[in-house]
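Here is the structure we will look at, set down as structure tokens.
Taken together, the values in this text are just the output of simple stated rules run on the coordinates, not laboratory data. From a predicted model like this one, the values you see are computed outputs, not experimental measurements. Positions of Cβ are generated from backbone atoms using ideal geometry, with glycine treated the same way; all protein chains shown enter the neighbour counts.
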Amino acid sequence: PQPVYLSDYQPPAYRVIHTELTFDLDPAATHVKARLLFERNDQADDKAPLVLDGEQLTLISLAIDGTALTEADYQLDDHGLKIHTVPASFSLESEVKIAPSTNTALEGLYQSSGMYCTQCEAEGFRRITFYPDRPDVMATFTVTVIGDVQKEPILLANGNPVARGEMEGGRHFVKWEDPFPKPCYLFALVAGNLHKVEDHFTTMSGRDVTLQIWVEEENLDKTEHAMASLKRSMEWDEQTYGREYDLDLFMIVAVNDFNMGAMENKGLNIFNSAAVLTHPQTATDATFQNVEGIVAHEYFHNWSGNRVTCRDWFQLSLKEGFTVFRDQCFSADTNSAPVKRIQDVSFFRTAQFAEDAGPTAHPVRPDHFIEITNFYTLTIYEKGAEVVRMLCNLVGWENFRRGSDAYFERFDGQAVTIEDFVECMAQASGEDLSQFMRWYSQAGTPEIDAYGEYDYVHSEYRLTLRQRTPATPGQPEKLPMHIPIRMGLVGTKSGQDLTLTLAGEKLGKDAVIHLRDEEQTFVFTDVAEAPVPSLLRDFSAPVKLNFPYSREELAFLLTHDSDGFNRWDAGQRLAMLALDDLIAAHRNGVEKVMDSRVTEAFRTLLTGSTVDKAVLSEMLTLPSEAYIAEQQPIVDVDAIHAAREFVRQSLALVLRDEFMAIFEANRTDEPYAPTPEQIAQRSLKNTALSYLMSIEDEKAVALCEEQVAVDHNMTDVRHALTLLVHSDRDDLSAPALKAFGEKWAHDPLVMDQWFTIQVTRPQPDVLERVQFLMQHPAFSIKNPNKVRALIGAFAQNRVNFHRLDGKGYALLADVVIELNRLNPEIAARLVTPLTRWQRFDENRQSLMRAQLKRIKEEPLSSNVYEVVEKALA
Ligand code: DPP
Ligand code: ZN
């Protein structure tokens, strides 16, 4: 497979003015007729051939302006069709045959639980018909769907239904019109025996929009939260960005087999059922919040993605980074803002930093790729969102909003680039953003070494910052980045933020300094007392910042920093220092000793804390094993696990009564509601229970059993069941797991949780469990959710996946090899943990590489090929 390059971009020679499609549905032989109105672009050569994409299509007929083409008129291969000569404007009629029932890749038109559905982003439409499958070709669509009256009573597509009727042989049709020009990746079709929940929203200009969520009948009671989230999103986008919905109908459909979380098809969003269905008995608080965020994300795409889309797939972050930033702000406004930020950053620093440091590292705007589905990454999405957040902070919200208004107005109905977006922000603010653009082109996480010095004599604080971005594949040399650092100086006597005066200018008590050079020194004057610097507040840039804090200084920031995020981060840094010592002790076979400063910090949090419950629960949570691993030069999975368990147990032994008091104080019999208050309370209570279970405290064991049995909500049940299963009390957990599995055998989303609970436990029987569960009737390798819940979750089980006999790696490779044939997109994603082999000891390195090589010997899809090739380069 050959890469495509951003620098090779050429505008299309022909544009599509209107697209008319007719689908005659059949599992093995769906006929798709297309009538496409083409016009040659002015700049194009009048001899330019018409090039259409098409894969896995059986061509039945082809005509231009009513005249059938013969084989001499065109050239057909596995990737498409080239028609040698065409007029300046013409209509192309084609008919093809496709087979939805055997489409296991879940791209294009396929079947899921008996219904038909589509996934076209990025390049799935070429599996539906011959078409210029690129986002810079935007057309209006008219779509007629013909199906069986009994099997497919519901026939949906984008836009508004304009006609429907009965046909011969028990068939019927519905015709849909989408008046907004769109690229074909936003096309959608759904057909099946679906049921709907309906609601309404009145837009800011007073238009009534009908809202529908379509599900299988048994899921009708699981749509309430998604509907409420949708209405809140619509209102938020009006109030925050002035964006109004544009069609009279907005539909969401839940499907069980889906590669992604959800898809923003115009007027017809298709969702993975895991990203839309909730019920207190079946979904956890985390799922409720996730659903809210994804519903918002897809809805927000209606403007940031659909009305204004990407010129080419290298610009993917233009819509994804911006839309993730928008959904993050929405969730922050709707829930606890500091907790949202803590959770996002905590995930980001673990997973995106790892990606940015690994063999598949790429810039927020990549400059080449083999397979675009491999680029729906944390870098494009989450780092892209961090870059937009920095832009927003750099220009200020009001300018950002004016820039965003200009962007939507100027480029409505167009396919544009990241420059177009940033240029709107530069114009709205007058800022020079040229150096800032490097965030889009340079891969890798910038590292900042900071050093500070207080001069008592002159009352000055000198802060020196030095930046360096490590080499990444294909980018050995990096230029300095423009890094905004929000900061304060916290007086060690007063415990208060001191006023910042820089070069004679008073900046207030919390300010942003701009690091642009490789090294810069900032001299703060009139600093009345010795300060501790609080740097990178609210994680103001996606960088690693090192400052030689003492443990006393971190304990001080933990209680005094005015920035909630940095208070949390000080606690994490303090815990990390203690963990580092314990990891070293474990490796050297020396007795482990708990750092009393950590214990005392926890005691203060548990007894005298004024922070709200949601934040408190985060502050009581230790860095994850994955995050700790990211901080080590060589990952020692066993030492990390042992050290972290030691800290948990030490804290639980000393602070048992305090944890128990927190648990008791936060129990409630209130009926379940996914409100921020209740979520915070449950989170805090369950965090306390986790500590108590780490020492298998008898009372805690009884409380877990009780919490599973009361079955008040899935958050509590799942948490308690997980604690039991992950403890050594198999006498209790085995019957509880069995009962749970039987009770929920009918609910695929709950069975996913049942799989995950079992294969994430630390006990050494997990590999055998995975093998056993792969034979379970609820498991199917063709369903991406099952693969993620069982195999994906196992690969996150650090002590078991990284077994020294290599069997964990071999199991993953086996599954990747099988999935490579069935669903290349999911296979390529699943292989990720093996690509991080450089981070481990030599023994594990060679075991992991051996499995990568074994995969590489297979006849590979371009998806898996690209990832494995990079990993072994
Ligand atoms: N469905 C994916 C998302 O919303 C791709 N657009 O991010
Ligand atoms: Zn998106």
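Between the beta carbons of ASN193 and THR607, assuming R0 = 45 Å, the FRET efficiency works out to 0.20 to the nearest 0.05.
Each Lys and Arg contributes +1 and each Asp and Glu -1, all at the Cβ; summed about the Cα centre of region 5-76, the dipole is approximately 100 debye. Between GLN496 and ASP412, the FRET efficiency estimated from the beta carbon spacing at R0 = 45 angstrom works out to 0.40. Report the local net charge at ASP669: Lys and Arg +1, Asp and Glu -1, summed over other residues whose C-beta lies under 14 Å from its C-beta. Charge balance near ASP669 sits at -2.
Fraction of C-alpha pairs exceeding 17 angstrom in region 654-722: 35 percent, rounded to a whole number.
When only alpha carbons are used to place a centre, region 767-817 and region 455-492 end up 42 Å from one another. Exposure proxy for MET204, MET227: other Cβ atoms within 10 Å of each Cβ, ordered fewest to most, give MET204, MET227.
Note on THR129, THR287, THR525: ascending count of other Cβ atoms within 10 Å places them as THR525, THR287, THR129, the fewest first. Volume per residue for region 342-395 equals 85 cubic angstrom (convex hull of Cα atoms).
Please state, as a whole number in µm²/s, the translational diffusion coefficient that the Stokes-Einstein equation yields for region 305-390 at 10 °C and 1.306 mPa s, with Rh defined as the Kirkwood radius across alpha carbon pairs.
In µm²/s, the coefficient rounds to 118.
The simple spin-label model puts a point 7 Å past each Cα toward its Cβ; for LYS592 and ALA48 those points are separated by 6.5 nm.
Considering only the other residues whose Cβ falls under 10 Å of the Cβ of LEU465, what net charge follows from Lys and Arg at +1 and Asp and Glu at -1?
Cβ neighbours under 10 Å give a net charge of -3.
Length, then width, then depth: along the principal axes, the Cα atoms of the chain run 88, 68, 59 Å.
What does DSSP give for region 4-276 in terms of the percent of beta bridges that are antiparallel, rounded to the nearest 5? It would help to have the intermediate numbers written out before the result.
Details: 73 of 90 bridges.
Expressed as a percentage, antiparallel bridges in region 4-276 total about 80.
Normalised Debye scattering of region 181-290 at q = 0.10, 0.15, 0.18, 0.20 Å⁻¹ gives log10 I(q)/I(0) of -0.29, -0.67, -0.96, -1.16, counting only Cα atoms as equal scatterers and leaving out solvent. Given +1 at the Cβ of Lys and Arg, -1 at the Cβ of Asp and Glu and no other charges, the dipole of the chain around its Cα centre is 980 debye to the nearest 20. Modelled spin labels at ASP8 and ASP517, positioned 7 Å past Cα toward Cβ, are 4.2 nm from each other. Here the dipole of region 513-633 is about 360 debye; that uses its Cα centre as origin and unit charges on the Cβ of Lys and Arg (positive) and Asp and Glu (negative). What is the list of residues in region 503-533 whose amide nitrogen lies under 16 Å from a point 7 angstrom out from the Cα of SER562, following Cα to Cβ? Backbone N within reach: 506-513, 527-529, 531-533. Cross-link partners of LYS478 among lysines, defined as those whose alpha carbon lies under 19 angstrom from its own and excluding same-chain residues fewer than eight positions apart: LYS383, LYS544.
Ignoring aspartates and glutamates fewer than eight residues from LYS182 along the same chain, the ones with Cα atoms less than 15 angstrom from its Cα are GLU20, GLU121, GLU123, ASP133, ASP136, ASP246, GLU264, ASP312, ASP412. The H on the amide N of GLN475, modeled in the peptide plane, is under 5 Å from the matching H of no residue at least 5 residues off or on a different chain.
Relative to the longest principal axis of the chain, what angle (0 to 90°, nearest 10) does the C-alpha long axis of helix 285-300 take? With both axes taken from Cα atoms, the answer is about 50 degrees. Segment ARG164..TYR451, full-extension length gain: 96.2 nm, with 0.36 nm per residue of separation and the alpha-carbon distance subtracted.
Using 0.36 nm per residue, how much length does the chain from GLU696 to GLU419 gain when fully extended, once their Cα-Cα distance is taken away?
94.1 nm
On full extension, the segment bounded by ALA709 and LEU76 gains 221.6 nm, given 0.36 nm per residue less the C-alpha separation. Name the lysines eligible as straight-distance cross-link partners of LYS47: C-alpha to C-alpha under 21 Å, and not fewer than 8 places from it in the same chain. The reachable lysines, counting only those whose Cα sits under 21 Å from LYS47, are LYS82. Between THR202 and ASP405, the modelled label-to-label distance comes to 2.5 nm, taking each label 7 Å out from Cα in the direction of the beta carbon. From least to most packed, judged by other beta carbons within 10 angstrom and beginning with the fewest, ILE213, ILE372 follow the order ILE372, ILE213.
Our summary gives the chain a relative contact order of 8 percent, counting only alpha carbon pairs under 8 angstrom and 6 or more residues apart. Hey, for a label at HIS458 modelled as a point 7 Å past Cα toward Cβ, could you say which residues of region 492-527 have their backbone N under 16 Å away? The answer is 501-505, 521-527.
Each residue of region 755-762 was assigned a 3J(HN,Hα) from its phi angle through the Karplus curve 6.51 cos²θ - 1.76 cosθ + 1.60 (θ = phi - 60°); the sequence is 4, 4, 3, 6, 8, 9, 6, x Hz, with glycine and proline shown as x. Axis of helix 564-588 versus longest Cα principal axis of the chain: the two differ by about 70°, to the nearest ten degrees. Dipole of region 308-441 computed with +1 at Lys/Arg Cβ and -1 at Asp/Glu Cβ about the Cα centre; of ALA332, PHE436, ALA406, farthest Cα towards the positive end is ALA332. The residue among LEU804, PRO280, ILE342 whose Cα reaches farthest toward the positive pole of the charge dipole of the chain, with charges on the beta-carbon of Lys, Arg, Asp and Glu, is LEU804. Each stretch of four or more DSSP H residues adds -39500 (n - 2.57); spread over every residue of the chain, this sum gives -12000 deg cm²/dmol at 222 nm.
Helix 316-334 and the longest principal axis of the C-alpha atoms of the chain enclose an angle of approximately 50°.
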